[in-house]
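The next block holds one structure in the form of structure tokens; read it before the comments.
The values are calculated or read from the model by the stated rules, or taken from the named source; none is laboratory data. Just so we're clear, the structure is a prediction, and the values are computed from it rather than from any experiment. Glycine also receives a Cβ, built like all others from the backbone with ideal geometry; neighbour counts cover every protein chain displayed. Note: accessible area is taken over every heavy atom of the protein model, side chains too, but ligands, DNA and RNA are not part of it. Shrake-Rupley method; radii C 1.70, N 1.55, O 1.52, S 1.80 Å.
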Amino acid sequence: MTALVGVLLYLAGGQLSPIETLNNALMDAEPIPSMRAAFRASITSAGAVREIEYDPLKPPSRRFRISRRVGEDEELDAIVDDWAREAQPDVRLFADDLRSSLGQGEIVQTATGWTVAFQHKLSSNDGPVDAILSQSMVGGLTLDAQTGNLSRLEYSINTPFKTPEGAWVDTYRQVYNFGRSTQWAVTFVTGYDVYASGGRFGMKDERSFAVRVTDVAFSLAGDARQELESKIYPSH
């Protein structure tokens, strides 16, 4: 966290500094390596819905299942297929690579908690498209005033960028919302929204996707040596 610049003020009562508060929130979102999660999720685009179920305790061929399909959307199907192909689809519920994505920024106390504005920094999980995106990307964290836990994460671009395929992306925004399990003492993703607009050859388009996670049940992996694989976001 040495790259993150915080104000040198203390919380009421002088107990924790802003940097300590942020560090605690990040630690709460970084599960132990053996933690796994069964869950249900709905993935929605403008004209289609896919509902999925995942249970890491089931046999490999039955762990990830599409339980409901509504409408036709090839991009939506590609998103679901990418999720299904991951070795551990449940890692998308954990912000395990958030700390390494925090570049230079500032911490500000507000009436509703703490906000952290930062430049996005490339991490080891990022691919070629992420490298292009990162040059224009900024982020923002919101910490709950009562608990100090992570409640919201937002990424957006401040300048348009050109993809390797030659398309321009004018707007990009990704917003995560978080909940917390008091039983397992971990903060996890309860949903996220993605919006992008742009185009090429004079043609403009926009796309949006929403993911909502429900029925989360945590457990510990049978192999104590198992490590969580970091999230790899689909390049499309």
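Observations on the structure shown:
- Filtered by the rule that a residue be modelled with pLDDT of 85 or more, in contact with a Gly (Cβ under 8 Å, 6 or more places away or on another chain) and hydrophobic (A, V, I, L, M, F, W, C), segment 149-167 gives a lone residue, LEU153.
- Looking across segment 1-41, the residues that are at pLDDT 80 or above, open to solvent by 30 Å² or more (accessible area, probe 1.4 Å) and either touching a Pro at 6+ places or on another chain (Cβ under 9 Å) or not in a helix (DSSP H, G or I) (or both) come down to GLU30, ILE32, PRO33, ARG40.
- So TYR176, is it modelled with pLDDT of 95 or more and of a type in the set (Ser, Thr, Tyr): yes
- Within segment 42-67, being open to solvent by 40 Å² or more (accessible area, probe 1.4 Å), of a type outside the set (Ser, Thr, Tyr), under 22 Å from ASN177 (Cβ atoms) and at pLDDT 95 or above holds for GLU51, GLU53.
- The residues of segment 151-163 that are under 13 Å from ALA95 (Cβ atoms) and touching a residue at least 24 places away in the same chain (Cβ under 8 Å), listed by number, are SER151, ARG152, LEU153, TYR155.
- Listing of strands (runs of 3 or more DSSP E) fully contained in segment 130-196 that carry 3 or more residues being aromatic (Phe, Trp, Tyr): 168-181
- Restricting segment 92-107 to residues that are in contact with a Ser or Thr (Cβ under 7 Å, 6 or more places away or on another chain) and under 16 Å from PHE188 (Cβ atoms) leaves a set whose member that is modelled with the lowest pLDDT is ASP96.
- From the list GLY148, GLY166, GLY191, the lone residue that is touching a residue at least 60 places away in the same chain (Cβ under 8 Å) and among the small types (Gly, Ala, Ser) is GLY148.
- Subset of segment 70-110 (residues that are of a type in the set (A, V, I, L, M, F, W, C) and more than 20 Å from GLY179 (Cα to Cα)): VAL70, LEU76, ALA78, ILE79, VAL80, TRP83, ALA84, ALA87, LEU102, ILE107, VAL108
- Residues that are within 19 Å of VAL49 (Cβ to Cβ), modelled with pLDDT of 95 or more and of a type in the set (Lys, Arg), drawn from segment 179-235: ARG212
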